[in-house]
Structure formats: structure tokens, C-alpha cells
Amino acid sequence: MRLIIMTKSSFFVEEDKIITTLFEEGLANLHLFKPGTEPIYSERLLTLIPEEYYGKITVHDYFYLKEEYGLKGIHIDSPAKEPPLQYKGHISRTCRFLDELRDMKKKSDYVFLNNVFSTQTALAAFSQEELMSAHKHGLIDKKVYALGGINLDNIKMAKDMGFGGVVICNDLWDRFDIHNEQDYKDLILHFEKLRKAAS
């Protein structure tokens, strides 16, 4: 099962060091997700990360960064949006409904299914029975990754439901106080646990 880490939506001082350490510890795919921010800040963050890891970064929104920095690919956050004209390369997408999956899988290298488990801000959009049925009918398979409320406690459940990967955000970043901490050892140790759980 694949493990993807999605960045916090905001920028913070130690971010480049943490991301570099995650790559050093075996992270294979980072999604750079900074909605509503100026692209120049994403550019600055990329310049602080060693170039050897650019091929493991997928960018949301600012698609020109893919070519400019030789990134892995682009991520489209809505099934209604199309990739840029003439774009050739790695594409992933986010779906919010099970009935979008079949079509989006044909157009993507992999697809995120959002709100799989409940989080503090949103309730899970699907029951366990719905997800198991979607797997049984071939909608959820190795090309579909679970997003939303994923943590150490439910990675195995996502695996059992047939998801090909999980997308981690808050469960990792909540282990580091961006305003008061500089030591991110606990965050890296937690990443190791997540990686083991997903493997």
C-alpha cells in the first residue's frame, strides 16, 4: 500500500527541513498543497529542498512548477477541471463521490477519494458498508487512495477495504507545533510508524 504525505496548507519556518528529512527517511510521494497562497512561496520552498527529491513531489494548483522544477506530476482537486492543454505526464485527481471513481481512474495515474474517515472538520462521507461494496464492485482498487481522517489506527482498515494507498495530512503535521517548536523528532518517529503500517 502506498503512503502519500500532503503538506500543511500554510507555510512555516521548519517546513523545508522536515520535508527533506521525510524524503531521507523513505517518503516516496509528497503532495505540495498550498491553496490560496501566492505561488512564489511554493517556489521558495522548492528551492530549499534538494533537487534529488523533486521527482517525488506532486503539485496542486500551480502546474507550471511541474515543468520548471522537474516535479513528479500535477494533482487536480476537482473532477470538473481538466489538465492544462498539451500536458503530458503524471496526473492524479480528487473525487468526493464513489460514482466519479470509474471515469476519473481512466484519466489518472491514481485518484484520492476524499472524506473516507471522519475528521474534526468533516464527517465521513461513506459508511463502511458502502466502501466495502465499492471495493467488491471494482470501484475501489489499487488506483484509489483514501484521504480524510487517515491515521495510524485506520490504515489497516483502509487496506482491508481495498485502497491502494493512503494520504496523510493532519495526523502527521499535528505532531509539530509550528509556532513553538524547532525539534521535529516526534513527527519523524510518527512517520516511521505510518510507513510501517502502510507497508
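Among residues belonging to the stretch 158-177 that are touching a helix residue (DSSP H, G or I) at 6+ places or on another chain (Cβ under 8 Å) and open to solvent by 20 Å² or more (accessible area, probe 1.4 Å), point out the one that is farthest from Ser108 (Cα to Cα).
Applying the filter and picking the extreme gives Arg175.
Step by step: first the residues of the stretch 95-104, then only those that are out of contact with any Leu (no Cβ under 7 Å at 6 or more places or on another chain) and crowded, with 16+ Cβ neighbours inside 10 Å, then the one that is nearest to His31 (Cα to Cα). Which residue is that?
Restricting to residues being out of contact with any Leu (no Cβ under 7 Å at 6 or more places or on another chain) and crowded, with 16+ Cβ neighbours inside 10 Å, the top hit is Met104.
Can you find even one residue in the stretch 113-126 that is more than 25 Å from Lys17 (Cα to Cα), open to solvent by less than 10 Å² (accessible area, probe 1.4 Å) and free of Cβ contacts under 8 Å to residues at least 40 places away in the same chain? Full working, then the answer.
Filtering the stretch 113-126 for residues more than 25 Å from Lys17 (Cα to Cα) gives 113-126.
Cutting the leftovers down to open to solvent by less than 10 Å² (accessible area, probe 1.4 Å) gives us 113, 116.
Those left that are additionally free of Cβ contacts under 8 Å to residues at least 40 places away in the same chain: none.
No, the stretch 113-126 has no match at all.
This table checks each residue for (1) touching a helix residue (DSSP H, G or I) at 6+ places or on another chain (Cβ under 8 Å); (2) over 21 Å from Ile91 (Cβ atoms); (3) small (Gly, Ala, Ser).
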{"residue": "Phe112", "(1), (2), (3)": "no, no, no"}
{"residue": "His135", "(1), (2), (3)": "no, yes, no"}
{"residue": "Leu147", "(1), (2), (3)": "no, no, no"}
{"residue": "Lys156", "(1), (2), (3)": "yes, yes, no"}
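Of the residues that make up the stretch 13-32, is at least one modelled with pLDDT under 95 and in contact with a helix residue (DSSP H, G or I) (Cβ under 9 Å, 6 or more places away or on another chain)?
No, every residue in the stretch 13-32 fails to be modelled with pLDDT under 95 and in contact with a helix residue (DSSP H, G or I) (Cβ under 9 Å, 6 or more places away or on another chain).
Within the stretch 1-36, which residues are among the hydroxyl-bearing types (Ser, Thr, Tyr) and within 24 Å of Gly149 (Cβ to Cβ)?
Correct list: Thr7, Ser9, Ser10.
Only one of (1) within 22 Å of Asn29 (Cβ to Cβ); (2) touching a residue at least 40 places away in the same chain (Cβ under 8 Å) is not met by Met161, so which one is it?
Condition not satisfied by Met161: (2).
The values are calculated or read from the model by the stated rules, or taken from the named source; none is laboratory data. Keep in mind that this is a model prediction, so the values were computed, not measured. Because the Cβ atoms are built from the backbone with ideal geometry, glycine has one as well, and the counts that use them run over all protein chains shown. Areas reflect the complete protein model, heavy atoms only, side chains present, ligands, DNA and RNA absent. Shrake-Rupley method; radii C 1.70, N 1.55, O 1.52, S 1.80 Å.
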